[in-house]
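The values are calculated or read from the model by the stated rules, or taken from the named source; none is laboratory data. Computed from a predicted structure; not experimentally measured. Note: ideal-geometry Cβ built from the backbone for every residue, glycine included; neighbour counts use all protein chains shown. Calculation scope for accessible area: heavy atoms of the full protein, side chains included, ligands and nucleic acids excluded. Shrake-Rupley method; radii C 1.70, N 1.55, O 1.52, S 1.80 Å.
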Amino acid sequence: MNARITKATLLDESNEHHGKQVDLRIENGIITEIGTDLTPKNNEEELQFENLSVSPGWFDSSVSVGEPGFEERETISNALKVAGKSGFTSIAVNANSAPVIDNNASVAFLKNKAAGNAVNLHPIGALTKNASGVDLAELYDMQQAGAVAFGDYQHAISNPNLIKIALQYAQGFDGLVLSFPQEDDLIIKGVANEGETAISLGLKGIPSLAEHIQVARDLYILEYTGGKLHIPTISTAQSVALIKEAKAKGLDVTCSVAIVNLFYTEAMLNEFDTRYKVLPPLRTETDRQALIAGIKDGTIDMVTSDHNPLDIELKKLEFDHAKFGTIAQEATWGALLTLVSEKRAVKLLTAAQERFTQVKSKIEIGQPANLSLFTTKGTTVYGKEHILSKSKNTAFLGAKLKGKVYGIISNNQFIAS
């Protein structure tokens, strides 16, 4: 594509124009000029939007797509469209399908299905065979096929020796190990945060202790083994404190938080609305404020949509029986912008690129254009018309969001929102 982006505030700390309003020229998908008032060329499209900002492309570190096996929830093709229109140029896809993504052939299947799209799909291979938590999967073979990390989506590894071996083994090829922060023996049939709200509603609790114990265990093991650990979707104040302490020790650990846990608390459960049944569960306001402090001070490295499409039959049930999960990608930018500044939001949405792929996305002359286009201006009440996914199980209906995504430029393509 040939295009000229005009009057855009550039947000990239590695670029000398960071925070300034510039024009960008893209020729055949490559950034060729950055400056003010660039002279138009006959063969280029002008991209001009009100109060436009441009950053390196956003990377969503936790996305479920359904396919293969659950195409009624979401297909790879539509998932990539949803991501692009939500401002993401890359997504890391969880091993949350049937069959589970636990070998090189299944990783190759995802990569091949996504080939040629504007949005880059990066598979997360299962850490254990069939995500059963018993035997390690074919980690090295999956990395060779294109997997960027290894983790059992929303399945805790109860055997500490398995995490130890995984961290030791993955060091041989610089692999990134994910460990879901939950001790299953402490949450038997739990469906909501353990506390006054769950008690008053008669719901079985998921104690914050179940998360703290797992996080502490994994950090102790990481300190012993070395290696690279990522803890996805933390939800409690104590987890933030533990990870902050581990980083101070110099451990190679990162973590993420799901946008739904930043935006809502357990108070949303009072009507037994299963759209708010997520894992980890919505916690207390104290926890939410600690998470917000964590994304502001850098303890929490990235924010994810933790986008998990589910068909209506899995959510329109009694609260105890409904499946955990919400779609959130379409609302992520607008929700995050209500909590932090534009520059911090961009940092939180781009950090996963380097952690998962070892390649830092930056805006630079001579480099492929990998850009997210957006504004911070305006507010929107999120409605059904904003849902782009095949599944409609979103917790954000009725939420007041800030800003707007205009689209992405990636892989020599422009996708408008």
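Just wondering, is there one or more residues in segment 169-190 that are β-branched (Val, Ile, Thr), at pLDDT 95 or above and more than 12 Å from residue 228 (Cα to Cα)? Scanning segment 169-190, I find no residue that is β-branched (Val, Ile, Thr), at pLDDT 95 or above and more than 12 Å from residue 228 (Cα to Cα), so the answer is no. Within segment 110-137, the set of residues being touching a Gly at 6+ places or on another chain (Cβ under 9 Å) and over 19 Å from residue 68 (Cα atoms) comprises just one member, 118.
Residue pairs whose Cβ atoms lie under 7 Å apart, sitting 6 or more positions apart in sequence or on different chains, and linking a residue in segment 102-128 that is within 13 Å of residue 90 (Cβ to Cβ) to a partner that is in a helix (DSSP H, G or I) and of a type in the set (D, E, K, R), are 121/111; 123/111. Scanning segment 83-105 for residues that are touching a strand residue (DSSP E or B) at 6+ places or on another chain (Cβ under 8 Å) and part of a helix (DSSP H, G or I), we see that the one that is most open to solvent (accessible area, probe 1.4 Å) is 85. Going through segment 325-350 one residue at a time, which ones are assigned to a helix (DSSP H, G or I) and of a type in the set (Ser, Thr, Tyr)? Those that are assigned to a helix (DSSP H, G or I) and of a type in the set (Ser, Thr, Tyr): 332, 350. Which residue is most open to solvent (accessible area, probe 1.4 Å), if the candidates are limited to segment 398-417 and must be touching a Gly at 6+ places or on another chain (Cβ under 7 Å) and over 20 Å from residue 27 (Cβ atoms)? Looking at the filtered set, the residue picked out is 404.
To keep it simple, each residue is scored yes or no on (1) free of Cβ contacts under 8 Å to residues at least 24 places away in the same chain; (2) in contact with a Pro (Cβ under 9 Å, 6 or more places away or on another chain).
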{"site": "196", "(1), (2)": "yes, no"}
{"site": "202", "(1), (2)": "yes, no"}
{"site": "217", "(1), (2)": "no, yes"}
{"site": "229", "(1), (2)": "no, no"}
{"site": "246", "(1), (2)": "no, no"}
{"site": "261", "(1), (2)": "no, yes"}
{"site": "279", "(1), (2)": "no, no"}
{"site": "292", "(1), (2)": "no, no"}
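Scanning segment 146-164 for residues that are free of Cβ contacts under 8 Å to residues at least 60 places away in the same chain and open to solvent by 30 Å² or more (accessible area, probe 1.4 Å) returns 155, 158, 159, 161. Taking the conditions (1) at pLDDT below 95; (2) among the charged types (D, E, K, R); (3) open to solvent by less than 50 Å² (accessible area, probe 1.4 Å) in turn, residue 330 satisfies each one other than (1).
Within segment 353-360, is even one residue over 18 Å from residue 119 (Cβ atoms) and β-branched (Val, Ile, Thr)? There is no residue in segment 353-360 that is over 18 Å from residue 119 (Cβ atoms) and β-branched (Val, Ile, Thr). Counting residues in segment 120-128 that are open to solvent by 50 Å² or more (accessible area, probe 1.4 Å), out of contact with any His (no Cβ under 8 Å at 6 or more places or on another chain) and either assigned to a loop (DSSP other than H, G, I, E, B) or not β-branched (Val, Ile, Thr) (or both) gives zero. Taking segment 362-417 as the range and being farther than 30 Å from residue 279 by Cα and either among the acidic types (Asp, Glu) or at pLDDT below 95 (or both) as the test, the residues that pass are 362, 364. Based on what the data block shows, is residue 212 surrounded by fewer than 21 Cβ atoms within 10 Å (Cβ to Cβ) and within 30 Å of residue 268 (Cα to Cα)? Yes, satisfied. Filtered by the rule that a residue be among the β-branched types (Val, Ile, Thr) and in contact with a helix residue (DSSP H, G or I) (Cβ under 6 Å, 6 or more places away or on another chain), segment 296-322 gives 299, 300, 303. Just one of the listed residues (282, 310, 242) is over 20 Å from the mean Cα position of the chain (by Cα) and among the hydrophobic types (A, V, I, L, M, F, W, C), namely 242. Checking residue 63 against (1) farther than 21 Å from residue 342 by Cα; (2) surrounded by 24 or more Cβ atoms within 10 Å (Cβ to Cβ); (3) out of contact with any His (no Cβ under 8 Å at 6 or more places or on another chain), only one condition comes out false. Which one? Status for residue 63: all satisfied but (3). Taking the residues in segment 66-79 that are surrounded by 24 or more Cβ atoms within 10 Å (Cβ to Cβ) and at pLDDT 95 or above as candidates, determine which candidate is farthest from the chain's Cα centre (by Cα). Only one residue tops the list, namely 73.
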